[in-house]
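Read through the structure below, which is laid out as structure tokens, and then see the notes.
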Amino acid sequence: MIFIDTDIFAIAKLFPNDERHEINKEFLGEAKEKSTSIFNLFELLGIASFNLNEVELMKLFKGFGEAYDLKILYPSTAFISVNEFVEALFEATFQKIKLRMNYQDALILAVAEQHHCTRFVTWNTKHFIDRTYLSVQTPKEFLKLR
């Protein structure tokens, strides 16, 4: 499964004049078995809140998975209590923070790894390379390798 970072969606939805917009559009149309996390969605909603009204934000929130034909991943809670879930999630996140990652990126990467994604696609590759076993690529690199 391909995991897509927030920046891809921000450019696609909010920045049509960005020079990477067409590559994003092609990538989002070509990639199969796409996913992102609930944390990425909320990060995007926070960015979009400066440009969209409440109705538009709700529409983005409710229809996001369908609009981009992707699965929204949540932290894994399989067979554990809430306390164990919180401890496991924060432990995984802390392990990433120790690799010099900010909290949001660490949390997002922890979810992508929990769900055994194979690729992590972002324009911010320097934030993730050498901090995960996942293949980290830009949309442009993804399209070249397909």
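The values are calculated or read from the model by the stated rules, or taken from the named source; none is laboratory data. As the structure is a prediction and not an experimental result, all values here were calculated from the model. Positions of Cβ are generated from backbone atoms using ideal geometry, with glycine treated the same way; all protein chains shown enter the neighbour counts.
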(1) assigned to a loop (DSSP other than H, G, I, E, B); (2) surrounded by 15 or more Cβ atoms within 10 Å (Cβ to Cβ); (3) modelled with pLDDT under 95: which one isn't true of C117, the others all being true?
(3)
Could you grab me the full set of residues in the stretch 120-146 that are assigned to a helix (DSSP H, G or I) and either touching a Phe, Trp or Tyr at 6+ places or on another chain (Cβ under 9 Å) or of a type outside the set (D, E, K, R) (or both)?
T125, H127, P139, K140, F142, L143, L145
Going through the stretch 76-96 one residue at a time, which ones are aliphatic (A, V, I, L, M) and either at pLDDT below 75 or within 16 Å of E43 (Cβ to Cβ) (or both)?
A78, I80, V82
Among residues of the stretch 13-27 being modelled with pLDDT of 95 or more and touching a Leu at 6+ places or on another chain (Cβ under 9 Å), the residue nearest to S135 (Cα to Cα) is F27
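From L99, L143, L109, grab the single residue that is within 19 Å of F42 (Cβ to Cβ) and of a type in the set (A, V, I, L, M).
Numbers: L99 fails: within 19 Å of F42 (Cβ to Cβ); L143 fails: within 19 Å of F42 (Cβ to Cβ).
After ruling out the rest, the residue left standing is L109.
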